[in-house]
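Here's the structure we're looking at; comments come further down.
Derivation of every value follows stated rules applied to the coordinates shown; laboratory data play no part. All values derive from a computational prediction rather than experimental measurement. Counting neighbours? That spans all protein chains shown, and the Cβs are built from the backbone with ideal geometry, glycine included.
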Amino acid sequence: MTMMKLMYITNKPAVARIAEDAGVDWIFLDMEVIGKAFRQSGLDTVQNHHTIDDIKRIRKTISQSKLLVRINPIHDALENYPSSKNEIEASIDAGADILMLPYFKTVEEVKTFIHLVNGRAKTLLLLETVEAANLIDEILEVPGIDMIHLGLNDMHLELGKKFMFELLADGTVERLGDKIKAKGIPFGFGGIATLDGGALPGSMVLKEHVRLGSSMVIVSRSFCNTEIITDLNEVKRIFDTGISDLRALEKETSQADAAYLEENRKAVVAAVNKIAGTNY
């Protein structure tokens, strides 16, 4: 079986090495700041403010994992930010293997992104706006898209939902994922905490990834928050144990029958309904 790609966000070289050694596939640097604080104000989310220098540092640190960089949405030069063209050039020059485009709303933005990258790195779209979801069929006709990740955080906010995994319970993730897979493009969605952690236990979410044919997932901040846990030995223990447990459950679930996966899907819907007060 092909295992899902696991991503972890950090700009700390020592943590990146630990994550890589534990089996994290992509070390994720996050330079997106434009518009993000406004969109997610009042929420327990992170604005990372990673930089081109961070790309250079992490590039020197890792040898097996790929280096994924989330740039800013497509933009002209602003007072404190270079244009998308210059940001993409600098990210590739610094060693990015994969570039992620967030918060796009038009087909034209996707085309611009693909054109600017020009095959020099893998392209990963972060589909997280209602506008992009509504244009999914047109977006999928754009050549040069390597991967698509469904961003549940911003999308659930735009839709006025209380809990990001409502998009799993209401069939949105499955509908979009099926369209993406039909074009032969790998897709993933959301993030995952420890298997027994998170508002919706990570084990239930992981089983949905397997059922839906997901190819990637973000290992979330709550899996190992290195702003709080600073002892590197403890960080290593959490990663070694947590990633091993995650892979074991992924393998076990991939061998399960359809009835097992359907039972978990129903359990996810019931859990989401309880958390969000919904009736899916």
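Brief remarks on what is shown
- The structure-derived value of Cα Rg over 2.2 N^0.38 Å appears in the list (1) 1.02; (2) 0.97; (3) 1.21 under the label (2).
- Residues in segment 217-259 that a label on I275 would reach, taking backbone N under 17 Å of a point 7 Å out along Cα→Cβ: 217-224
- Dipole in debye (nearest 20) - the chain, about Cα centre, beta carbon charges: Lys, Arg +1; Asp, Glu -1: 340 debye
- Value at 222 nm in deg cm²/dmol, rounded to 500, when DSSP H runs of n ≥ 4 in the chain each add -39,500 (n - 2.57): -13500 deg cm²/dmol
- V33-S254 pseudo-label distance in nm [points 7 Å out on the Cα-to-Cβ vector]: 3.9 nm
- Local electrostatic count, Q255, Cβ distance below 14 Å [Lys/Arg +1, Asp/Glu -1]: +1
- Projecting the Cα positions of I148, T226, L176 onto the charge dipole of segment 5-276 (unit charges on Cβ atoms of Lys, Arg, Asp and Glu, taken about the Cα centre) puts T226 furthest along the positive direction.
- Dipole axis of segment 125-201 (+1 Lys, Arg; -1 Asp, Glu on Cβ), positive-most option in L126, A199, F163: A199
- Value of relative contact order over the chain, rounded to a whole percent, pairs C-alpha under 8 Å and six or more apart: 17 percent
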